[in-house]
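Below: one structure, written as structure tokens.
The values are calculated or read from the model by the stated rules, or taken from the named source; none is laboratory data. Small disclaimer: the values here were computed from a predicted structure and weren't measured. In this analysis, Cβ positions are derived from the backbone assuming ideal geometry, glycine residues included, and neighbour counts consider all displayed protein chains.
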Amino acid sequence: MSIEGPRERKYIYEIHFLRAFACLAVVCVHVSATNYGMNSQTWNEFTYFLNQYGRFGTPIFAVISGFLLFFQVRNKGFHLGYFLKSRLTKIVIPFLIWSIAYRYILYYYDHQAFGDVQAEVVKILKGNSFYHLYFVVIVIQFYFLFPFLQKLFRTQTLMMIFTFLSLWISYQLYGFQSNINGPVGDFLSSKSFMPVWIFYFAFGGFLAYFWDEIVSFAVKRPWKMFTIAMLISLGAIVEYKVNGYVSNRRLTNLANIPLLCIAVIGMYPFLSRWNVLNKSLMIIGKYSMGIYLIHPMILYLFARHLPQNYWSVYYVPLMFILVILIAVVFIRIIQFLPFSQFVIPVPKMRKRQSMTQKEIHTNKIAV
């Protein structure tokens, strides 16, 4: 199956748009959490909303990870050597580099002494070098399963079976606590245990195998998609108002995330009409992995160097924008350095304008 023409453009732009949404949501969580910490662990109504609403971001990143892997297999097949090399250079090596960087910054600023080599290696492997790296460990665990999964589930019917099976697994593992003592038991009960997240990766595969049908349905109904997104948002507000603090592993996300992903995809053609908004979101989507890796360090340094008066709730929107801008500028600078792809992976994007010109030229010939 080819990925030429419209299908490729849909994949590039709508997935980058979904990436941008997930990235902004994650940054909302960490900006608000840092503000909370800098205000004697006190929430403001606004920061609490940002923190709780942003909990959609991490599961959506899992969906995107599953989508990209299964979409590649669907269109180009699976080559184990390429897969291993790609994942090593784009994910594993950057993860190790940033794990070491965050471990050093904690040593430098917080005087957290280094333990023995085994303890430090275990900390890295569990994603405990800093609070956001656990998710990369989840993704890497999925990589170990993926060569087998892609061989088992290669049709739309089989992908539907995998999705429903994964939904059952994630549902059953909600709130799972292992009875095993020691490091293994701690890992099985931790938020880094991938099977708890398996449904989101599987739904990404579902999107990949039903991409044309889903996009065709969603983009024709932008206002309905907007309504779905608003209803999910209102539901999230009611949930944390009633139940209190909720995490990104909350049970309702098993329904919220698939609906929200489809809604965001459906809204893309409508929102992309605003050129400035479209370009900004495409940049954020393109740099989302780098922003994810870098932004906690920016916030960490802000917390240690900015005067206390800058941690007023009134500065939260400005703080949010600054974190994104600094991260984007830093990524752009890093890209000029040799071997930058091992530090911050940036996916390639085809320029939309050049594709449009090609279409115009083709249409002229046809006429």
### Message
Which residue is modelled with the highest pLDDT, if the candidates are limited to the stretch 328-356 and must be more than 18 Å from Lys279 (Cβ to Cβ) and more than 23 Å from the chain's Cα centre (by Cα)?
### Response
Phe336
### Task
Residues that are touching a residue at least 40 places away in the same chain (Cβ under 8 Å), over 30 Å from Tyr102 (Cα atoms) and in contact with a Lys or Arg (Cβ under 8 Å, 6 or more places away or on another chain): find the helices (runs of 4 or more DSSP H) completely inside the stretch 224-328 holding 1 or more of those.
253-271
### Query
Does Phe78 fit the bill of being surrounded by 13 or more Cβ atoms within 10 Å (Cβ to Cβ) and not in a helix (DSSP H, G or I)?
yes
### Query
Of Leu271, Leu259, Leu325, Leu299, which residue is at pLDDT below 95 and within 22 Å of the chain's Cα centre (by Cα)?
Leu271
### Query
Got at least one residue in the stretch 57-67 being farther than 24 Å from Met225 by Cα and in contact with a helix residue (DSSP H, G or I) (Cβ under 9 Å, 6 or more places away or on another chain)?
no
### Query
For residues in the stretch 62-85 being among the small types (Gly, Ala, Ser) and within 16 Å of Val137 (Cα to Cα), which is nearest to the chain's Cα centre (by Cα)?
Ala62
### Query
Only one residue in Ala218, Ala208, Ala202 is free of Cβ contacts under 8 Å to residues at least 60 places away in the same chain and either surrounded by 16 or more Cβ atoms within 10 Å (Cβ to Cβ) or of a type in the set (Val, Ile, Thr) (or both), so which one is that?
Ala218
### Query
Would you call Ile105 aliphatic (A, V, I, L, M) and more than 21 Å from Trp311 (Cβ to Cβ)?
no
### Query
Mind checking which pairs have a first residue in the stretch 83-100 that is at negative phi and loosely packed, with under 15 Cβ neighbours inside 10 Å and a second that is not in a helix (DSSP H, G or I) and not hydroxyl-bearing (Ser, Thr, Tyr), Cβ under 7 Å, 6 or more apart or different chains?
Ile97/Val343
### Task
Determine the pairs where a residue that is within 14 Å of Tyr209 (Cβ to Cβ), located within the stretch 68-80, has a partner that is surrounded by fewer than 20 Cβ atoms within 10 Å (Cβ to Cβ) and hydroxyl-bearing (Ser, Thr, Tyr) with Cβ atoms under 8 Å apart, the partner being 6 or more residues away or on another chain.
Phe71/Tyr11; Asn75/Ser2
### Query
Take the residues of the stretch 151-187 that are assigned to a helix (DSSP H, G or I), touching a residue at least 40 places away in the same chain (Cβ under 8 Å) and farther than 23 Å from Thr58 by Cα: which is farthest from the chain's Cα centre (by Cα)?
Pro183
